[in-house]
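Shown next, in structure tokens, is the structure this report addresses.
The values are calculated or read from the model by the stated rules, or taken from the named source; none is laboratory data. All values reported here derive from a predicted model rather than from experimental measurement. Cβ atoms come from the backbone with ideal geometry, glycine included; neighbour counts cover every protein chain shown. The accessibility values were calculated without ligands, DNA or RNA, using every heavy atom of the protein model including side chains. Shrake-Rupley method; radii C 1.70, N 1.55, O 1.52, S 1.80 Å.
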Amino acid sequence: MTLRVRFAPSPTGFLHVGGARTALFNWLLARKEEGVLVLRIEDTDQERSSEEHTQAILHGMEWLGVTWDEGPFFQSDGLDRHREAALSLLESGQAYRDFSTPEQAARDREEEIETGKRTRRARERADAMSADDMQARMEAGETFAVRFRVPDGETVWNDKVHGESRFRNAEIDDLVILRSNGTPTYNLAVVSDDAEMGINLVLRGDDHLSNTPKQILLHEALGNPVPSFAHVPLILGPDGKRLSKRHGATAVGDYEKEGILPGAMFNFLALLGWSPGDDREVFGREELVEVFSLERVLKKSSVFDFKKLEWLNGQHLAAMPLKELVEQVKWRLTGKGLLPEPPASGGREAIDIYFLVELLKVRARTVEDLLDQAEPYFSTDIDYEPKAVRKQWAKDAEAVADRLERLHAELGDVDWDQERLEEVSRGLAEELEIGAGKLFQPLRLALTGSSASPGIFDVLVLLGRERSLDRIQRAVNILRSGELPTE
Ligand code: GLU
């Protein structure tokens, strides 16, 4: 039998990490078992659902690479079928009409709270009503809800994560399946859709555990094959409370904006509630398809560790094909107006972005990080780090200016390759009888605005002769002006 799973988000919010994790587990299983993943948008809550959210969910899944095989189907397209299912249960006596007034319903609830028991008063009233009476009420236009008649006994299923799970039916409410305005409720719609779509495994969050016995009973009453169920544990924030906005970004789209790579997010989500059984942590998509199994889904909640996501991102960043990474960086630099570079003036060569990204990626944790480090190479406007200015320039501004000026002169006509640049610069430091750092640190600041960068000769090569000399000259001018950007 082909495995058929589904992801069934409600478009009442953006794709959040919990939902994405559910989607991803379903995807991994479907890939592994050569099954089918159906995407169903549960949009029956008209007021809270929106097209914007639907689009964000689809985009988030595509970004993660969690592709679906069938759909997207929209739950609201099945309303007639849902209604028919409710009416068929009414016909067979497995559901009943509830004419209770709001006052009666409120009293019933109070009684249940007081006694701590399911009283099934609505059912008693319905059963006590004669057929004629019922007919008369309907003809008089009185509205009624349709409630499912929960059978006696116990509902048991073998949860693929939690093992044998059981609920006493006496504790389950005779749930409304059709509201008095004729709209189907959540549990009925899900059951009808899962049956229609041939879903044979429902894998979703623990928050749905209490719906499962109701859905199993509905499937049985409707004569449907009952799917298997697997409930994955909740995701908690670092403080042990259920993950929420208080803890930071919970929408997958926010991480995309922050420069988290889709492969890293995928890897991270897979480890939320699943473990490979050894200490490996860095996985690619295909590897996860290989090693993923429901048996290793953890029973206990997992903690969303932002630091770990960053770390994983750094790992993926470093392992990513350079071309892909360069595309990401280029795309963002273009967004900031730094690319394409202004028409080359004075014979300036374009920055070799491949070389730059190669150099920067080892010290970056996110693409945004990498971008921050890449920006000074493209920007014509250098922001000098005040702390570095105080340390490298301010103490001895005149002497530093002299040194940089000498270097400017020396570099004027050398061959612009690493070896030559190193030879000339070190030679100058020796001649001036200063440690190389006394020349290279002020130079680094002049070239990049910062005290941390890749090797100084790599930086010179990257920037090219014209840009490097411009930047050195500019530093000399600032140093001579006495107006140092130290704040
Ligand atoms: N639409 C439900 C939700 O967003 C999920 C339904 C299900 O997976 O059964 O939580």
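The loop-placed GluC sites (Glu not before Pro) in the range 45-137, going by DSSP, that have at most 14 neighbouring Cβ atoms within 10 Å of their Cβ come out as 47.
Per residue of the chain, the DSSP helices (runs of n ≥ 4 H) give a summed -39500 (n - 2.57) that works out to -15000 deg cm²/dmol at 222 nm. Dipole check for the range 57-141: with +1 at the C-beta of Lys and Arg, -1 at the C-beta of Asp and Glu, and the Cα centre as origin, the magnitude is about 320 Debye.
Taking only the Cα atoms of the range 149-204, the ratio Rg/Rh comes out at 1.02, with Rh defined as the Kirkwood radius.
Each Lys or Arg adds one and each Asp or Glu subtracts one; over the other residues with Cβ under 14 Å from the Cβ of residue 278, this totals -2. Expressed as a whole percent, the accessible surface of the range 137-190 that belongs to carbon and sulfur atoms is 45, based on a 1.4 Å probe. Filter the cross-link list 257/299; 117/245; 32/257; 245/299; 245/323 down to pairs whose alpha-carbon distance in this structure exceeds 27 Å. Flagged as over cut-off: 257/299; 117/245; 32/257; 245/323. Accessible area per residue for the chain is 49 Å², calculated with a 1.4 Å probe on protein heavy atoms, without ligands, DNA or RNA. Here the spin labels are modelled as points 7 Å beyond Cα on the Cα-Cβ line, and at residue 123 and residue 350 they lie 7.4 nm apart.
Toward the positive end of the charge dipole of the range 170-313, about the Cα centre and with charges on Cβ (Lys, Arg +1; Asp, Glu -1), which of 240, 311, 269 goes farthest? Looking along the dipole axis, the top candidate is 240. Of all segments of the chain bounded by trypsin sites (Lys or Arg not before Pro) found in a DSSP loop with no more than 14 other C-beta atoms within 10 Å, the longest spans 337-487. Placing pseudo-labels 7 Å out from each Cα toward the beta carbon at residue 324 and residue 290 gives an inter-label distance of 1.6 nm.
Here the convex hull built on the C-alpha positions of the range 273-341 has a volume of 126 cubic angstrom per residue. Overall, the anisotropy analysis places the range 186-336 in the prolate class: the square-rooted eigenvalues a ≥ b ≥ c of its C-alpha gyration tensor yield a/c not less than 1.5, with a/b exceeding b/c.
Classification of the range 352-454 by its C-alpha gyration tensor yields an oblate form. The axis ratio a/c (a ≥ b ≥ c) is 1.5 or more, and b/c is at least a/b. For the chain, the Cβ-based charge dipole about the Cα centre amounts to some 920 debye (Lys, Arg positive; Asp, Glu negative; other atoms uncharged). Counting only Cβ charges, +1 for Lys and Arg and -1 for Asp and Glu, the dipole size of the range 1-128 around its Cα centre is about 460 debye. Orientation-averaged projection of the chain equals 31.5 nm² [convex hull of Cα atoms, one quarter of hull surface area]. With Rh defined as the Kirkwood radius, the inverse of the mean 1/r over Cα pairs, the Rg/Rh of the range 422-487 is 0.96. At an R0 of 35 angstrom, the distance between the Cβ atoms of residue 228 and residue 130 translates into a FRET efficiency of 0.25. Above 25 Å, the calculated P(r) of the range 101-220 contains 34 percent of its Cα-Cα pairs. Computed from label points 7 Å out along Cα-Cβ, the spacing between residue 152 and residue 181 is 3.8 nm. Residue separation of residue 306 and residue 138 scaled by 0.36 nm, minus their Cα-Cα distance, works out to 54.7 nm of gained length.
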